[in-house]
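To start, the structure under review is shown below, and the notes come after it.
The values are calculated or read from the model by the stated rules, or taken from the named source; none is laboratory data. It should be emphasised that the depicted structure is a prediction, and the values quoted were computed from it without experimental measurement. FYI the Cβ positions are ideal-geometry reconstructions off the backbone, even for glycines, and counts take in every protein chain you see. Side chains included, ligands, DNA and RNA excluded: accessible areas come from the protein's heavy atoms. Shrake-Rupley method; radii C 1.70, N 1.55, O 1.52, S 1.80 Å.
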Amino acid sequence: QVQLVESGGGLVQPGGSLRLSCTASRRIFSSDTMGWYRQAPGKQRSLVARITGGGRTDYADSVKGRFTISRDNAKNTAVLQMNSLEPEDTAVYYCRGVLGGWEYWGQGTQVTVSS
(Lines give C-alpha, C1' and ligand atoms only; values in the text may rest on other atoms or scores of the structure.)
Protein backbone atom coordinates (compact mmCIF):
# COMPACT_ATOMS: atom_id res chain seq x y z
CA GLN A 1 0.00 0.00 0.00
CA VAL A 2 1.46 3.33 -1.08
CA GLN A 3 0.98 6.29 1.22
CA LEU A 4 0.98 9.95 0.23
CA VAL A 5 1.75 12.44 2.99
CA GLU A 6 1.05 16.15 2.53
CA SER A 7 2.61 19.02 4.45
CA GLY A 8 2.81 22.80 4.26
CA GLY A 9 -0.75 23.95 4.80
CA GLY A 10 -1.72 26.69 7.21
CA LEU A 11 -3.13 30.17 7.63
CA VAL A 12 -1.93 32.96 5.35
CA GLN A 13 -3.08 36.48 4.57
CA PRO A 14 -4.46 37.41 1.14
CA GLY A 15 -1.61 37.97 -1.28
CA GLY A 16 0.67 35.61 0.62
CA SER A 17 2.31 32.36 -0.41
CA LEU A 18 2.36 28.75 0.74
CA ARG A 19 4.26 25.71 -0.46
CA LEU A 20 2.60 22.30 -0.23
CA SER A 21 4.62 19.10 -0.43
CA CYS A 22 3.46 15.56 -1.10
CA THR A 23 5.82 12.68 -0.40
CA ALA A 24 5.11 9.15 -1.56
CA SER A 25 6.19 6.07 0.37
CA ARG A 26 7.78 4.61 -2.73
CA ARG A 27 9.76 5.89 -5.69
CA ILE A 28 7.89 8.00 -8.23
CA PHE A 29 8.52 6.84 -11.78
CA SER A 30 8.25 8.66 -15.07
CA SER A 31 5.05 6.76 -15.83
CA ASP A 32 3.33 8.16 -12.72
CA THR A 33 1.14 11.25 -12.56
CA MET A 34 0.95 13.48 -9.49
CA GLY A 35 -1.65 16.09 -8.78
CA TRP A 36 -3.29 18.39 -6.27
CA TYR A 37 -7.02 18.71 -5.69
CA ARG A 38 -8.97 20.83 -3.27
CA GLN A 39 -12.33 20.78 -1.57
CA ALA A 40 -13.98 23.78 0.04
CA PRO A 41 -16.92 23.41 2.45
CA GLY A 42 -20.09 22.57 0.57
CA LYS A 43 -18.27 22.07 -2.72
CA GLN A 44 -17.01 19.09 -4.67
CA ARG A 45 -13.37 18.14 -4.82
CA SER A 46 -11.78 19.60 -7.94
CA LEU A 47 -8.47 19.60 -9.76
CA VAL A 48 -5.98 22.32 -8.91
CA ALA A 49 -2.94 21.11 -10.85
CA ARG A 50 -1.31 17.91 -12.09
CA ILE A 51 1.97 16.93 -13.65
CA THR A 52 2.82 13.90 -15.74
CA GLY A 53 6.09 12.03 -15.75
CA GLY A 54 7.03 13.86 -18.92
CA GLY A 55 6.56 17.18 -17.18
CA ARG A 56 3.29 18.18 -18.82
CA THR A 57 1.20 20.30 -16.49
CA ASP A 58 -2.49 21.16 -16.27
CA TYR A 59 -3.99 23.86 -14.07
CA ALA A 60 -7.45 24.96 -13.07
CA ASP A 61 -8.25 28.29 -14.72
CA SER A 62 -8.64 29.92 -11.33
CA VAL A 63 -5.01 29.26 -10.35
CA LYS A 64 -3.18 29.77 -13.64
CA GLY A 65 -0.35 32.23 -13.26
CA ARG A 66 -0.42 31.96 -9.46
CA PHE A 67 0.27 28.29 -8.69
CA THR A 68 3.10 26.10 -9.94
CA ILE A 69 3.32 22.32 -9.66
CA SER A 70 6.62 20.47 -9.82
CA ARG A 71 8.00 17.03 -9.00
CA ASP A 72 11.26 15.46 -7.92
CA ASN A 73 11.20 11.75 -8.70
CA ALA A 74 14.41 11.10 -6.80
CA LYS A 75 12.81 12.48 -3.64
CA ASN A 76 9.39 10.87 -4.28
CA THR A 77 7.90 14.35 -3.98
CA ALA A 78 5.46 16.65 -5.72
CA VAL A 79 5.28 20.31 -4.74
CA LEU A 80 2.59 22.94 -5.22
CA GLN A 81 3.88 26.51 -4.92
CA MET A 82 0.98 28.86 -4.30
CA ASN A 83 1.45 32.62 -4.71
CA SER A 84 -0.93 35.57 -4.61
CA LEU A 85 -3.34 33.57 -2.51
CA GLU A 86 -6.96 34.68 -2.33
CA PRO A 87 -9.70 33.92 0.21
CA GLU A 88 -11.34 31.78 -2.50
CA ASP A 89 -8.34 29.44 -2.32
CA THR A 90 -9.37 28.37 1.18
CA ALA A 91 -9.93 24.61 1.15
CA VAL A 92 -8.54 21.25 2.14
CA TYR A 93 -5.85 20.35 -0.38
CA TYR A 94 -5.32 16.72 -1.30
CA CYS A 95 -2.44 15.09 -3.08
CA ARG A 96 -3.37 12.46 -5.65
CA GLY A 97 -1.00 10.03 -7.28
CA VAL A 98 -1.60 7.58 -10.09
CA LEU A 99 1.27 5.24 -9.39
CA GLY A 100 1.69 2.06 -11.36
CA GLY A 101 -1.87 2.46 -12.61
CA TRP A 102 -3.33 2.66 -9.12
CA GLU A 103 -4.88 5.75 -7.59
CA TYR A 104 -3.81 7.00 -4.17
CA TRP A 105 -4.86 9.99 -2.09
CA GLY A 106 -3.25 11.80 0.79
CA GLN A 107 -5.09 12.69 3.98
CA GLY A 108 -5.40 16.37 3.08
CA THR A 109 -3.97 19.60 4.45
CA GLN A 110 -5.95 22.72 5.34
CA VAL A 111 -5.17 25.99 3.60
CA THR A 112 -6.90 29.07 4.97
CA VAL A 113 -6.51 32.48 3.35
CA SER A 114 -7.81 35.20 5.63
CA SER A 115 -6.87 38.56 7.06
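Only residues that are polar (S, T, N, Q) and either more than 22 Å from Gln1 (Cα to Cα) or assigned to a strand (DSSP E or B) (or both): list them for segment 15-29, please.
Let us first name the residues in segment 15-29 that are polar (S, T, N, Q), namely 17, 21, 23, 25.
Within segment 15-29, Ser17, Ser21, Thr23 qualify.
Can you tell me which residue within segment 84-115, out of those that are small (Gly, Ala, Ser) and more than 18 Å from Ser30 (Cβ to Cβ), is farthest from the chain's Cα centre (by Cα)? Lay out the reasoning, then the answer.
Step one: filter segment 84-115 for residues small (Gly, Ala, Ser), giving 84, 91, 97, 100-101, 106, 108, 114-115.
Imposing the further condition that a residue be more than 18 Å from Ser30 (Cβ to Cβ) reduces the set to 84, 91, 106, 108, 114-115.
Values: Ser84: 16, Ala91: 12, Gly106: 10, Gly108: 9, Ser114: 20, Ser115: 23 Å.
Per the stated criteria, the residue is Ser115.
May I ask you to list the residues in segment 8-36 that are open to solvent by 20 Å² or more (accessible area, probe 1.4 Å), farther than 19 Å from Glu88 by Cβ and among the hydrophobic types (A, V, I, L, M, F, W, C)?
Result: Phe29, single match.
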